[in-house]
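The values are calculated or read from the model by the stated rules, or taken from the named source; none is laboratory data. If you're wondering where the values come from, they're calculated on a predicted model, not measured in any experiment. Glycine gets a Cβ as well: all are built from the backbone with ideal geometry, and neighbour counts include every protein chain shown.
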Amino acid sequence: MTILHLELSKAVKSLEEALSLLQESGLQNIEVQKGLREGFLQRFEYSMELCWKASMKILGSTTQAAKPAVREMARNNLIANPELWLSFVDSRTETSHAYDEDIAIKIFANVQKFLTEANLLIQNLGNV
């Protein structure tokens, strides 16, 4: 396992922990839940960045942008559903440019799918 692979695993684990905290918080305190969701989304942002950047580094690619990287990941059989991954890129872009509660709630649902896909990517990167 490379250092990048290990860092990616740690980032995704951190995202999973943030999801657990958010789910455990319930609706007890809306402000606490909002803060937890913001932290969760930030962890998603850096986890998504690490997914494609680590993949490109491990593949020895010079690709410098997320969407072309996703296509390259698909061509190299690291991911099975590039359209879904492109939606993750779009979600990541939305979270990093402006914070809006409605956008955060919409992205939250997509990020939960991301966790499953990110863990599959980590497994596939281990076979490269």
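General remarks:
- Hey, Leu120 at pLDDT 90 or above, surrounded by fewer than 16 Cβ atoms within 10 Å (Cβ to Cβ) and of a type in the set (A, V, I, L, M) or not: yes
- Against the list (1) surrounded by 15 or more Cβ atoms within 10 Å (Cβ to Cβ); (2) at pLDDT 95 or above; (3) under 18 Å from Leu8 (Cβ atoms); (4) out of contact with any Pro (no Cβ under 7 Å at 6 or more places or on another chain), the condition Pro82 fails is (3).
- Residue selection: Asp102 satisfies the criterion of being loosely packed, with under 15 Cβ neighbours inside 10 Å and modelled with pLDDT under 85.
- Applying the criterion of being aromatic (Phe, Trp, Tyr) and within 14 Å of Cys51 (Cα to Cα) to the residues of region 85-99, the residue that is surrounded by the fewest Cβ atoms within 10 Å (Cβ to Cβ) is Phe88.
- Test for Ser61: is it out of contact with any Pro (no Cβ under 6 Å at 6 or more places or on another chain) and surrounded by fewer than 17 Cβ atoms within 10 Å (Cβ to Cβ): yes
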